[in-house]
Every structure is written in structure tokens, then in C-alpha cells.
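Taking it in order: structure first as C-alpha cells, then the write-up.
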There are 2 protein chains.
Amino acid sequence: MGANTTLKKIAEHLNISISTVSRALKDHPDVAGETIRRVKELAQMMDYEPNAFAISLRKQKSNLYAIMVPEVGNFFYHGFIQAVEEEARKTGHSVLILQSMNDAKIEADNLKICRHNNVAGIFVALSTQTIAYEPFHRLREFHDIPLLFFDKVPESDAFHKVVLADEDAGYMAGTITMDANVGEVLVILGHENLSLSRRRRKGFEMAVLAKSDMKVRYVYADAIEKAEEETVSFLEGDPDQPLVFAMSDEILCGVMRGIQRLAIAVPDKCKILALSAGFFPSLYMPAISYIETSGYKLGKECFQRMRVISANKVEPMEGSIYCQYVPGGSL
Amino acid sequence: MGANTTLKKIAEHLNISISTVSRALKDHPDVAGETIRRVKELAQMMDYEPNAFAISLRKQKSNLYAIMVPEVGNFFYHGFIQAVEEEARKTGHSVLILQSMNDAKIEADNLKICRHNNVAGIFVALSTQTIAYEPFHRLREFHDIPLLFFDKVPESDAFHKVVLADEDAGYMAGTITMDANVGEVLVILGHENLSLSRRRRKGFEMAVLAKSDMKVRYVYADAIEKAEEETVSFLEGDPDQPLVFAMSDEILCGVMRGIQRLAIAVPDKCKILALSAGFFPSLYMPAISYIETSGYKLGKECFQRMRVISANKVEPMEGSIYCQYVPGGSL
DNA sequence: AATATTCCCGCAATCGTTTGGGATAAATTG
DNA sequence: CAATTTATCCCAAACGATTGCGGGAATATT
């Protein structure tokens, strides 16, 4: 039996009107102090909890935030989800998790779900397949739902977005690579469609521009296996003083599989550098040196940004999170 | 502007009543075929989407399922979440993710959130700190919200639960260990509070009962570091023909860190066996032999079970998912 | 031609909460 | 003492979708 306490039931018990009960619970000045006391007491007794649907129906806003990512299995997003969840809890919100599975169709469907649920805001990491942005535009224009892209963001600056300082991270990686005094470098980037891959590459290229005697090869890998194969074929070419730079945790896993397959000693026979959230590098011996890209920090930052966007109309802008180098033993 | 299409707007455009529109959209026989056609056409045009709140308010049920886990960062849960999300999508539901952070207080708060949102059902993996089950009971009794425990479940059989066939998995691990012809075994289990740890241990003990010449040591580890330390101190004792059995992916990571720290050759100097979802074992060379405990399969099974529970009142029962041995090179 | 049947459709209440606009007392003022 | 202010409270209309019931018109049955 759905023995849920409602304003109506409290009102009946106290022989007052529903509106008075409603006002009493929020300390409205129109209600007598004595009445407020009695109402609150009974509400407490009856374990009253306001009905979220009724409120949402009336206010046209829910207490849900949505996070849409390609896959929850992606390591980078744990921290992000965790951070948003933590913050959301503080403001009495909850988090809806949606996966796009890198499918533009599902992505669009998910946006519909957000609309249905009139979510208070959406955090989106784009799928690699997204080409049409109308669904996103419509959400903002017609439905007034705050939208914030993170990590995998559109090129267009018509949207709010927060990213890691990708170019900086790439530049940092490039600098570290140069200082490491290596001969040939394999840079393994993520999916080619992602602006994040391009930004990181750009940063890296900028950094190593000066050092013309260093051979750099850029490849894209969208799966662990691809990264493994690229690593193996690179190292089988018997490169001189090699270094492999892995742009993500997933890629790092692939790289290390290749390294282990060839039984190559790190860092003696091959140096490794990664962009990572920090967990995977610690799995290897020696620990992999990495540039930290914290999904957790990104999540915290995004949530604050979301609050600002929700509160006032602000022009779309891009923000970024700075990275930090964490030296290990692979370099 | 919340330019949302409602039944009312459609009705006004067509000069018919709201109820007729509502009925037309669901092919109610009381509506003329021609009217249905016109309504559907306009609804399509105006991009009508029913308001989830209004429906939920009326039906007292939402289209949300909740999943509560200690932490989304736990590897085992990815597959689970993914599976539930996939299935939920098929029935037009969405998934609310809640974390208990292994805190009984937060866990109880989360249950309140579920109540507020009148979720259609809750999937719970218990925190290690849960001792009071009243909040769960109340949810079922008073609020009629289907509750299904998975993975980390209460001992009480007053609840629905689906677990991996933990005892079987333990037994299987025991059998494999025996056949591997080893001398000393370190079994690293998860948190001591969890019934799952006890069940796995029990299964393992049953299997190795016969083989009295094999020395087995059982330890509990609730963190990667603990698993690493236990492994190191075990192997430093220079055991005869050793094997380490890791009960989870997290523990496996710790074990391998220990192995690498001591630079011990697998499987020559030490054999490894794990219970795993399958990803981490593939990270090492040779690949770790493991017994597959698929969160994904568990999720699929749980969702089906949830549907049954929701549809009809059924007696609480326990279900389980069978495991499978995936040989690698570590054994 | 009168009655019964079928087919369409609209009215109105409901879910629980919020809120602007009264309404009724008592208290204050001139 | 009449007029106005104040303190409390209630009515009713939203929000959007659903649904039992009733009614009018067209058709079918006697």
C-alpha cells in the first residue's frame, strides 16, 4: 500500500486547508506560529516527504541532472561521475546516467529522455559519431535546459564547454619528451573525429617543433587492440631510443600489452609517457610516468559551471582544467 | 521559452477535446479512425512528447530504475550498470545511479531519494557498513517499491537477491588450484563483512578439503595496497610451489603489483588465479587465468528478475549466475 | 415511426503541490 | 464608534495526462 503522506492528509488530520499546510512547512509569514509548530510536528510524525513529481510538474524542473557519456566503462568518466554525484547530492539533486554507446541515434534519444524528465541540466561527453548538433541546440532554445559539454566537446563555440587543457597537456607531453632525449617517438592519439585528439596533437607538435632531429609518428587508435598493434609494429622497426606517448588510459593499456608481448624493458629499451587519470600507471612496474587528467577535478569544475549557467543567462564559454606531471619510472 | 507541446495545444489546434487527443494517441477504439490520423499527424508535426511528471504523478510510478552501489569506480559494476541501462532503454526506462560510498547514512538517504522519485525499482549492492535493514523493509512494505539486491546482498532471505554463484566459484577455484599441483596457496578475499567473501571461502575450502598436503592461507583485503602487501609477505616467505588466488579485479591488481615488485616470474615461480570480469587479466603477460564473474550477465539477469518482481507479487528468492573458467597463462 | 444499438466525443475528477487573490475575524486607528 | 489595518486562513486555478461516465447523433432493429 502506497501509504504516502501528502499535504492533504496532514491537512485533514489538523482540520486546516492544504494551502496552509504547504505554507506552514516553508515558514510563510501568513501562517500563525502555533499552526506552523503543529504542522511541522505532525509532518515529522507522519514522515512526510514532498512528492517530487508534483513539484516538478508545477515547476517544470526536476531535481535530476543528466550525464551522458559514450560508455560508463571508460575509465576517465568514473571520477567525473563521482564528482558530479557528490556535488549534486549537496544541492539535493540526483544524477541520471545515460550512455550514447558512440551512436548518434541513441544520443539523440537520450536527449529526448532528458526532455521528458525535464532535467535541471545535462553534462555531455560527445560520441565519436556526432555530426548534427540540432538536437542539442533545440534543447537549449526550446526547452531551456542548460547544456554543458565536457571532455569530448563540439568545435563550435556556441556551446558551454569545459575541457582539460588539452593543448597544454599535449605541449607538456611534448616538452617532457624532448627533455627525455629520445630519438624516435610514437604518439598514439584517440579517435580521429575528436577535437580533443587534434588539440593534444597540436600542443605536442608545437612543443617538439624546435627539436628537428627527433622523429615523431602520429597514429590514431580507437581501441586497445589498435594501440597494441601500433606499438608492436613501431617497436619491431627497431627504432632508435624510442618513446611511446599514450593519450589515454585505454591506449596505455594497449601499449603496455605490446611492450609485454615483445618483452621490452622499460625504460631502458623503450620509454613510456601517458595521459592518465592515475590508476593504470600504478599497475605497472616501473610505474608509468604520466600527465594527470583528473576526471574528478573536471567533474567538480563542471558542476560549478553548471550552477552558474543555470542561475543566469551567460554567454557560452570554454573553460579548462590544468594538468600536472606525475613522474614515474618509465622515463 | 518552454515551448513544449502538450495535449492541450494539440486539442486547441484541432478543435477537439484533450481527452480525445489522449485517446487518439493510444488508438483507443472510442476515437474515429480519421480523427486518430489527424491527431497523430499533428502530434508528429509539433514534436509532441508526453510529460513524464504528469504521467508519474498520476500513475505513482516513474520510468526510472535506481542502481545503488558502493562506488561507481568499482570495476565489477561497469558491466552491471551497462547491462541494466541497455535493458531499461528497451522498456523506455532510464537509470538513476546512486553511490553509498560505503556509508550507511548516505545509503539511507539514497533510499529516500528513490522514494521521492517513486522509482520503478531499485538494484542494490550493499555497502560494507550496512547493519540496519529497516529502511529497506519500509521501502517495500510502505512504498511498494521493488527491491533487488545483487552482488553484495544481505544474509536475510526476506529479500530478493541475485548473486554470482559464489560458492560454486569458490569451489571451482579450489578445484583448479588442486589440479594445478601446488604446494602453498594464498587466498585473498574481499571485505570480511561481505557474505560474498564468506561464501567464496566456503566453496574454496570445500574443494580443497581432500588435499591435505596443500597449505592454504586465507586473508582479507579491502584495498589494493592491502592485497599487495599480503602478496609480498607471502612470497617473501619463500613458499613451495606457490599460487595466489585473487577474489576480485581490485585484489588482482594488488597481487600483480606485488609480483612485479618482487620481479617474480609467472607462472614459473608463482601461479596466479583470479575471479574477474575479464579485462584486467588481459593486461598482463602472460594473461591471468580467471574465473569469469560477469557483471554484465548479472545485470541482464537482475533486470529480468526485476520485471518479474514488479509484475506480480512473488516470494523473495535467491538466484545466481554461473561462472566459467577462462584459462590464461598464469597457471 | 419508435426503440435499441453503435460510434464518437466531451465533461470533470484525479494525482500532489504551489500561489495569487480573496475572506473573515480581531486589532488598531482617528 | 466607525473605518482601516493586520493577522490568519481558505478557495480555486493552475501544471499535463488519464479515464469512468454520460450524452448526442447516426445507424440498425422491431
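The values are calculated or read from the model by the stated rules, or taken from the named source; none is laboratory data. All figures in this text were calculated on a predicted structure; none of them were measured in a lab. So basically every Cβ, Gly included, is an ideal-geometry build from the backbone, and we count neighbours across all protein chains shown. These accessible areas exclude ligands, DNA and RNA; they are computed on the full protein's heavy atoms, side chains included. Shrake-Rupley method; radii C 1.70, N 1.55, O 1.52, S 1.80 Å.
Worth pointing out:
- Pairs of alpha carbons in segment A:174-260 whose separation is greater than 19 Å (percent): 35
- Segment B:185-204 versus segment A:198-262: alpha-carbon centroid distance in Å: 41
- Antiparallel bridge percentage (DSSP; both residues within the protein assembly as shown; nearest 5): 10
- Residue-span extension gain [A:Asp30 to A:Arg138] - 0.36 nm each, minus C-alpha spacing: 34.7 nm
- Checking the cross-link pairs A:Lys90/B:Lys105; A:Lys59/A:Lys300; A:Lys8/A:Lys40; B:Lys152/B:Lys297 against a 18 Å limit on the alpha carbon distance flags A:Lys59/A:Lys300 as lying beyond it.
- Each principal axis of the Cα cloud of chain A was evaluated for its coordinate range; sorted largest first, these ranges are 87, 39, 34 Å.
- Relative contact order (%) - criterion: Cα under 8 Å, at least six apart; region: chain B: 16
- Nearest-ten-degree value, helix A:134-143 long axis tilted from longest Cα axis of chain A: 20
- Cα-based helix-to-principal-axis angle, A:166-179 vs chain A, degrees rounded to 10: 30
- Cα-centred dipole magnitude for the protein assembly as shown, charges only on beta-carbon of K, R (+1) and D, E (-1), debye, nearest 20: 2560
- Hull volume in cubic angstrom per residue (convex hull over the Cα atoms of segment A:18-92): 129
- Dividing the helix sum by the residues of the protein assembly as shown, where each DSSP H run of 4 or more adds -39500 (n - 2.57), gives a mean residue ellipticity at 222 nm of -14000 deg cm²/dmol.
- Geometric descriptor of the protein assembly as shown, per residue, is 180 Å³ (volume of the convex hull of the Cα atoms).
- Rolling a 1.4 Å probe over the protein chains gives B:Glu71 an accessible area of about 80 Å².
- Positive dipole terminus of segment A:119-230, leading residue within A:Ile224, A:Leu148, A:Ala125 (C-beta point charges): A:Leu148
- Cα-based Rg / Dmax (Å) for segment A:7-50: 9.0, 24
- Model label sites at B:Leu262 and A:Phe279, defined 7 Å from Cα along the beta-carbon direction, differ in position by 2.6 nm.
- All lysines inside 20 Å of A:Lys271 as judged from Cα atoms, apart from same-chain residues fewer than 8 positions distant: A:Lys211, A:Lys215, A:Lys226
- Summed side-chain charge close to A:Arg201 - residues other than A:Arg201 whose Cβ falls under 11 Å, Lys, Arg +1, Asp, Glu -1: 0
- Centroid-to-centroid, using Cα positions, segment B:96-139 and segment B:150-168 are 16 Å apart.
- Shown are B:Met178, A:Met45, B:Met101, whose ranking by accessible area with a 1.4 Å probe and every protein chain present, most to least, is A:Met45, B:Met101, B:Met178.
- Subtracting the Cα-Cα distance of A:Thr175 and A:Lys59 from 0.36 nm times their residue separation leaves 36.6 nm of extension gain.
- Protection proxy ranking, peptides A:189-202, B:22-35, average beta carbon neighbours within 10 Å, highest first: A:189-202, B:22-35
- The value of relative contact order for segment A:187-313, using C-alpha pairs under 8 Å at least six residues apart, is 21 percent.
- In the assembly of identical copies, B:Glu229 has its label point, taken 7 Å from Cα in the direction of the beta carbon, separated from the corresponding points by 4.4 nm (ascending, one decimal).
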